[in-house]
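S.K.: Encoded as structure tokens, here's the structure I'll be asking about.
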Amino acid sequence: MISPARELLNFIDTSPSPWHAVASAEARLLAQGFTRLAEDERWQLEAGGRYYTVRGGASLIAFVQGSQPISQAGFRMVGAHTDSPGLRLKPKAALTGNGLARLAVEVYGGPILATFTDRDLSLAGRVILRGAAGQKTRLIRFERSLLRLPNLAIHMNREVNEQGLKLNKQTELPLILGMLGEGLDAQANLHKLLADAAQAEAADLLSFEMAVYDVQKGCLWGANEEFIADSQLDNLASCHAALSALIAMEQPAACCVAAFFDHEEVGSESATGAGGSFITDVLNRICFHAKLDEEDRRCAMARSFFISADMAHAYQPNFPGAYEPEHKVMINGGPVIKSNVNQRYTTNAETAARFMGLCEKAGVPYQEYAHRTDLGCGSTIGPMLAAQLGVAGVDVGSPLWAMHSARESAGVLDHGYMIAALVAAFDS
Ligand code: CO
């Protein structure tokens with residue numbers, strides 16, 4: 001049997017962009033008997049049914065109907081995000097000069113930019129094509145190494161090891177794509193490259209969204225292969241864990257929901273993000289089809305629980321000063337309960353205790369994290385979903401090193417632990 005950690009690496013390898021992540025999740029759901037619901041058509045929901053719906057190509061909500069009435073059992077929800085920080089192409093990306101074609105990029109969210117230098121980069125995303133019956137969207141990815149951001153040699157950057165690598169986002173991030181022959185139109189060349197990958201004519205390519213990704217596959221590492229390394233562990237690891245847990249639900253008592261959102265890394269304020277209406281729209285439709293009136297629906301929400309699953313900062317002993325001394329989170333130490341009194345995380349004492357109980361039931365260890373008081377704390381979709389839904393929630397995540405690096409690492413055991421804890425949550 002293939003281990004959960006190895007399954008996760010395979011999932012990430014098939015998910016080089018948030019659109020691909022949703023396609024990977026969708027393939028898995030379909031294989032497990034889930035039915036796709038279109039947002040623009042009337043739904044027919046059956047008792048015990050397994051469904052999912054997609055919004056905007058990069059956000060997906062899947063659910064398994066419970067055996068108990070929703071007004072009594074409420075919802076058990078897990079939320080995570082499909083997007084990861086990095087570089088994205090500008091619409092007219094091609095730059096020319098000095099015999100080279102380069103691609104202009106925007107910075108998406110907050111990546112550690114220096115980690116994108118000297119790596120085997122490529123493109124993955126979606127193109128929109130003109131078609132006889134209207135526009136068509138197609139996912140494309142280049143499997144091969146296509147782009148690079150070569151570092152400046154140390155002979156021209158003598159202080160790099162003392163000062164760190166600083167990159168000007170406008171002038172020093174364009175990625176080298178190739179040699180450019182005399183008289184060639186770089187923009188047209190880029191369109192042809194993308195259209196070829198979509199098996200379409202360049203003249204039919206209208207627009208695109210392209211993420212820069214690292215072609216290096218995920219791997220196990222360490223003396224006993226106790227660690228994993230890959231891109232996008234934040235937060236495809238949580239997506240994969242929630243998906244695996246949901247798929248394992250055969251006949252849960254409560255309606256179980258796994259929600260995967262785009263745009264978390266840029267604030268979630270979009271039609272497809274956690275700050276938008278997607279989750280409430282889906283829950284309301286489920287309630288509507290279960291014939292809940294407004295009173296019942298409010299009771300259902302008050303009896304619901306949700307888990308915001310996003311990665312947590314693992315202790316790295318080379319940097320002891322970066323951590324709160326009594327909240328050292330250890331790799332392979334189990335799910336982390338994240339709390340912050342300023343509500344950067346939605347955890348409170350009651351919801352933390354509830355999650356501890358779930359871990360105990362699942363037989364997995366758990367840890368607690370608080371950020372250093374003299375450092376700004378990150379946030380998640382947790383507080384915004386808690387506010388929007390009015391549902392008790394907790395912020396948890398698996399321990400991770402190098403969050404927002406082009407290549408992050410985590411623990412082999414932690415992934416299985418998280419899946420077990422989320423199974424317990426759906427089953428509670
Ligand atoms: Co995250």
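Values in this text are rule-based calculations from the coordinates and carry no lab data. Not measured: the values here are computed from a predicted model. Every residue, glycine among them, receives a Cβ derived from its backbone with ideal geometry; neighbour counts consider all protein chains shown.
S.K.: Using a cut-off of 13 Å between beta-carbons, work out the net charge of the residues near C219 (Lys and Arg +1, Asp and Glu -1, C219 not included).
M.R.: Overall, the nearby charge balance is -3.
S.K.: Let me ask something else. Starting with the fewest neighbours, write out L149, L45, L243 ranked by other beta-carbon atoms found within 10 Å of each beta-carbon.
M.R.: Arranged by neighbour count, lowest to highest, L149, L45, L243 become L45, L149, L243.
S.K.: Oh, and also: Pulled fully out, how much extra length does the chain show between E269 and L184, if you take 0.36 nm times their separation in residues and subtract their Cα-Cα distance? Working shown, then result.
M.R.: Details: separation 85, 0.36 × 85 = 30.60 nm, distance 4.00 nm.
Between E269 and L184, full extension yields 26.6 nm more.
S.K.: Could you line up D13, D395, D230 from fewest to most neighbouring Cβ atoms inside 10 Å?
M.R.: Working: D13 16, D395 28, D230 22.
Ranking D13, D395, D230 by Cβ neighbours within 10 Å, fewest first, gives D13, D230, D395.
S.K.: Of the residues A186, A80, A21, which exhibits the maximal mean-square fluctuation in a Gaussian network model of the chain defined by a 10 Å Cα contact cut-off?
M.R.: A186
S.K.: Another one. Compute a Gaussian network model of the chain, connecting alpha carbons closer than 10 Å, and tell me which residue from D293, D262, D83 fluctuates the most.
M.R.: Taking springs between Cα atoms under 10 Å, the residue moving most is D293.
S.K.: How large is ³J(HN,Hα) for each residue in region 224-241, as worked out from phi by the Karplus curve 6.51 cos²θ - 1.76 cosθ + 1.60 (θ = phi - 60°), to whole Hz, x for Gly and Pro?
M.R.: Coupling constants for region 224-241: 10, 6, 8, 10, 10, 10, 6, 7, 6, 4, 8, 10, 5, 5, 6, 4, 5, 5 Hz.
S.K.: Here is a further query. Using only alpha carbon pairs under 8 Å that are at least six residues apart, calculate the relative contact order of region 44-152 and give it in whole percent.
M.R.: 16 percent
S.K.: In whole Å, what are the Cα extents of region 154-251 along the three principal axes, biggest one first?
M.R.: Result, largest extent first: 62, 48, 24 Å.
S.K.: Run through region 333-423 and list the trypsin sites (Lys or Arg not before Pro) located in a DSSP loop whose Cβ has at most 14 other Cβ atoms within 10 Å.
M.R.: Answer in residue order: R372.
S.K.: Please compute the net charge surrounding A309, taking Lys and Arg as +1 and Asp and Glu as -1 over other residues with Cβ under 13 Å from its Cβ.
M.R.: -3
S.K.: Normalised by the number of residues in the chain, what is the relative contact order in percent for Cα pairs under 8 Å and 6+ residues apart? The partial results should precede the final answer.
M.R.: Working: 926 pairs, mean separation 97.8, N = 428.
It rounds to 23 percent for the chain.
S.K.: Follow-up. With runs of 4+ DSSP H residues as the only contributors, calculate the mean residue ellipticity of the chain at 222 nm using -39,500 (n - 2.57) per run, divided by the residue total and rounded to the nearest 500.
M.R.: -8000 deg cm²/dmol
S.K.: Given the options G363, G125, G273, state which has the largest fluctuation in a GNM of the chain using a 10 Å cut-off (strictly under) for Cα springs.
M.R.: Comparing G363, G125, G273 in a Gaussian network model of the chain, the most mobile one is G363.
S.K.: Moving on to the next point. Report ³J(HN,Hα) in whole Hz for each residue of region 411-416, in order, from the Karplus equation J = 6.51 cos²θ - 1.76 cosθ + 1.60 where θ = phi - 60°; Gly and Pro get x.
M.R.: Residue by residue, region 411-416 yields x, 5, 5, 4, 5, x Hz.
S.K.: Please give, to one decimal in nm, the separation of the simple spin-label points placed at A387 and A38, each 7 Å out from Cα toward the Cβ.
M.R.: 3.5 nm
S.K.: Sticking with this structure for a sec: If I model a spin label at S145 and E250 as a point 7 Å from the Cα along the Cα→Cβ vector, what separation in nanometres do I get?
M.R.: Label-label distance for S145 and E250, simple model: 4.8 nm.
S.K.: Measure nothing fancy, just the Cα-based angle from helix 4-13's long axis to the longest principal axis of the chain, in degrees from 0 to 90, nearest 10.
M.R.: The angle comes out near 40 degrees.
S.K.: Which whole-Hz couplings ³J(HN,Hα) result when phi for each residue of region 309-326 is put into the Karplus expression 6.51 cos²θ - 1.76 cosθ + 1.60, θ = phi - 60°, listed in order with x for Gly and Pro?
M.R.: For region 309-326, the Karplus-derived couplings read 9, 8, 6, 10, 7, 7, 5, 10, x, 6, 10, x, x, 8, 10, 6, x, 8 Hz, x marking Gly and Pro.
S.K.: Next question, about the same structure. Would you mind calculating the gained length between T14 and A302 on full extension (0.36 nm times residue separation, minus the Cα-Cα distance), in nm to one decimal?
M.R.: Contour length minus Cα-Cα distance gives 99.9 nm.
S.K.: Here's something else I'd like to know. To two decimal places, what compactness ratio does region 1-102 give when its Cα radius of gyration is scaled by 2.2 N^0.38 Å? List each step's numbers first, then the result.
M.R.: Numbers: Rg = 19.0 Å, N = 102, 2.2 N^0.38 = 12.8 Å.
Here the Cα radius of gyration is 1.49 times the empirical estimate.
S.K.: Compute the signed sum of charges (Lys and Arg +1, Asp and Glu -1) over the other residues within less than 14 Å, Cβ to Cβ, of F319.
M.R.: +1
S.K.: May I pose another question? Anything over 22 Å Cα to Cα? Flag those among K169/K217; K92/K136; K338/K361; K169/K338; K92/K166; K169/K328, in the order listed.
M.R.: From K169/K217; K92/K136; K338/K361; K169/K338; K92/K166; K169/K328, over 22 Å: K169/K217; K169/K338; K92/K166; K169/K328.
S.K.: Taking R0 as 22 Å, what's the FRET efficiency between E226 and Q163 from their Cβ-Cβ distance, rounded to 0.05?
M.R.: Plugging the Cβ-Cβ distance into 1/(1 + (r/R0)^6) gives 0.05.
S.K.: Tell me which aspartates and glutamates have Cα within less than 12 Å of K90's Cα, excluding those fewer than 8 residues away on the same chain?
M.R.: Of all the aspartates and glutamates, those that pass the test against K90 - Cα under 12 Å, at least 8 places apart if same chain - are E106, E209.
S.K.: Let's test this: bin the Cα-Cα distances of the chain at 20 Å from zero up to the farthest pair and state each bin's percent.
M.R.: Distribution as computed: 26, 55, 19, 1 percent.
S.K.: How high is the relative contact order of region 86-214, in percent, with contacts defined as C-alpha pairs under 8 Å that are six or more residues apart?
M.R.: The normalised contact order for region 86-214 reaches 39 percent.
S.K.: Quick check for you: which residues of region 346-389 have the amide N under 18 Å from the point 7 Å beyond the Cα of F319 toward its beta carbon?
M.R.: Answer for this model: 369-379.
S.K.: Could you give the spread of the C-alpha atoms of region 86-214 along their three principal axes, from largest to smallest, in whole angstroms?
M.R.: Largest first, region 86-214 extends 58, 35, 24 Å along its Cα principal axes.
S.K.: Going by C-beta contacts inside 10 Å, put C287, C239, C256 in order with the fewest on the left.
M.R.: Details: C287 21, C239 30, C256 26.
Arranged by neighbour count, lowest to highest, C287, C239, C256 become C287, C256, C239.
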